Amino acid sequence: MLSYLDVFRSLPVRRTASLACFAAGLLLARPGAVVAQPNQPPSTQPASSSEPPTIASAVNAEPTDEQSTLTFFNRPIIVLRARVLGRRPSERAATTERVLDELVEEGITSPVTKQVFAGASIISVRSRAVLVLTALDVDQVSGQTLERVTDESVRRLEQALNEAAEARAPGILLRSAVASTAVIIVAVLVVWGLARVHRVVDARLLALAEQKVTKAGIARLEALRSSRVLDFQHHALTALIMAADLVVIYTATSYVLKHFPYTRPWGESMRGFLLATLENFALGVLDALPGLFTVFLIFVIVRFVVRLVRLWFDAVERGQVASRWLYPDTALPTRRLVTILLWLFAIVVAYPYLPGSQTDAFKGVSVFLGVMVTFGSSGIMNQIMSGFMVTYSRALRVGDFVRIGDIEGTVIQMGVLSTKVRTLQREEVTVPNAVVVSQTTTDYSRLGDTEGIFTPTSVTIGYNTPWRQVHSLLLMAAERTPGLRPQPKPWVIQSGLEDFYVKYTLFVSLGRQDSRLDVLNALHANIQDLFNEYGVQIMSPNYMIDPAAPKIVPKEDWFAAPAKPEPPRTES
């Protein structure tokens, strides 16, 4: 049983044989063909009166879903798509590659010829058939024809065979190696020279910038060297030199690859890739211009609206515009919220016009960001909603002196996720908004600027000290202390009658809540000085046994200095 390539090798394709004889030979060469036996009765099927079979029908070509690319010496020749004589495209490609290797080993590389018949074609190398193509191997959807595909296959096969012969020529390979070595040396020297140029130009630009700044006197050299300007200049120059290095390396690599027969397709593809990339980039930019213009127009309109909104909210914040639904202290966060919503709306509207927005990569990134937001938004949304509650309940304002749980200090920032408080110890504490909502918050500044907030301080004095004297001493200490408001006036109460002493509490109103530590320190010092001055013991007594005499205040000492008797009341 013979294969179709064996039949091809035996055919004198230089002479045009009869189509019928060739078809009959192919039928006999078809795998599975039955050879008539001497005693076999003649077929009873009536003879057909139709025309002789075509080459396509003779080689028994069948369509298949498999595709295989015939590649020889690293060059793709043709994509085979049909089953011929029961052989799959991959088997046809492997057989043809083996035949071509044998021809190259024998030194047969030319000429490459073709013969086109009705529905099929044969490609031969010096009268030896190597490949048969059928109409089923042609991609008719893309507009290909059998004759055009055959011509292209002949051209590619000629080039591959010539390169295979060239690869077996030591002289050509030696010249290619010498030329490639020279190109590599030149490329290394150019890259080294670019590195030297980088260092020289970078130092020159630095010296020039320092000279200009020193002459103009706009800044000190230390400030210039620590700024980002010189870093940007250095990085820009480095990027430019690296781009030049890549161009040199890319060009040298492409040149070296094209000088060797087997790697020549890679070198040609590198050049084609660069040109195709630049072409696709230019065409992509041109195609994206209408969409980019639309995006630009959308963002310009939104930016104009944002500026108008900002002007209105700033006027509300300054009190120049009165609004029924907006307070001045909530104007700033509301403006930020409206601005964010406007920009989000602009992004949603401009999304379809962005270049690449319809690609799978862009959609994949969008889905990835959506998944990240979904998994991480539970805690974030809790903080954001808590921040809205804190802001629009007007519980806090920037600059207020507050107590949030155990934290006491001045509010310096109210963010979307957290609130920052500066304590009296100059510590900056960040409190999550969810904690602010869940804790009890005391604002000392809301009424401190108008009616005044009382701050208490207490002492414990024995029962043998006149309470009127203690009241007077505490009020006198408040009068001597700077930083206290005259209105409302300080006042004293006896907040507890303990077992061994009386607890007196002095209430004062601070002028500034953030100076609480300094004012209370001065107040306590004045209390100690006055009690010492009038001989009143501040140390609280604590008895283990009953005292020898009752600890009482004689009536004549009820108004001990600096206490003064109250004037008698007159009935109206």
So for region 401-443, averaging the separation of alpha carbon pairs under 8 Å that are six or more residues apart and normalising by length, what relative contact order in percent results?
38 percent
To make sure I understand the rule: partners must be aspartates and glutamates, Cα under 20 Å from the Cα of K420, and not fewer than 8 residues away in the same chain. Which ones qualify?
D329, D400, D406, E408, E428, D443, D514
For Y262, Y255, what ranking results if the residue with the fewest other Cβ atoms within 10 Å of its Cβ goes first?
Y262, Y255
Segments 318-326, 465-473, 509-517 sorted - mean Cβ within 10 Å per residue, highest first
465-473, 509-517, 318-326
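Dipole of region 454-557, Cα-centred, from +1 at each Lys and Arg C-beta and -1 at each Asp and Glu C-beta, to the nearest 20 debye?
360 debye
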Set of aspartates and glutamates with alpha-carbon distance to K503 below 20 Å, sequence-local pairs under 8 removed:
D529, D557
Please give every one of the aspartates and glutamates within straight-line cross-link reach of K489, meaning a C-alpha to C-alpha distance under 16 Å, and leave out same-chain neighbours fewer than 8 residues apart.
D449, E451, E479
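If the viscosity is 0.692 mPa s and the temperature 37 °C, what translational diffusion coefficient in µm²/s does Stokes-Einstein give for region 454-557 when Rh comes from Kirkwood over Cα pairs?
Numbers: Rh = 14.6 Å.
Reported coefficient: 225 µm²/s.
Please report, largest first and rounded to whole Å, the three semi-axes of the ellipsoid equivalent to region 419-507, where each semi-axis is the square root of five times an eigenvalue of the C-alpha gyration tensor. If you can, show how the numbers build up before the last one.
Working: eigenvalues 223, 63, 28 Å².
Values for region 419-507, descending: 33, 18, 12 Å.
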Listing R126, R81 from the residue with the fewest other Cβ atoms within 10 Å to the one with the most, what is the order?
R126, R81
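Apply 1/(1 + (r/R0)^6) to the Cβ-Cβ distance of T505 and T423, taking R0 = 22 Å, and write down the FRET efficiency to the nearest 0.05.
Working: r = 24 Å, r/R0 = 1.11.
According to the calculation, E is roughly 0.35.
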Binned at 10 Å from zero, the C-alpha pair distances of region 401-443 give percents of 33, 62, 5
Taking only C-alpha positions in region 259-314, Rg and Dmax in angstrom work out to 23.1, 74
Quick one: order D443, D329, D360 by neighbouring beta-carbon count within 10 Å, fewest to most.
D360, D329, D443
Using alpha carbon centers only, region 489-503 is separated from region 54-127 by a whole-angstrom value of 113 Å
Mind ranking 481-487, 162-168 by how tightly packed they are, going by the mean number of other C-beta atoms within 10 angstrom, highest first?
162-168, 481-487
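None of the figures in this text is laboratory data; all of them are computed from the coordinates on show. Predicted, not measured: the structure shown is a model, and the values here were computed from it. When we count neighbours, we look across all protein chains shown, and the Cβ atoms used for this are built from the backbone with ideal geometry, even at glycine.
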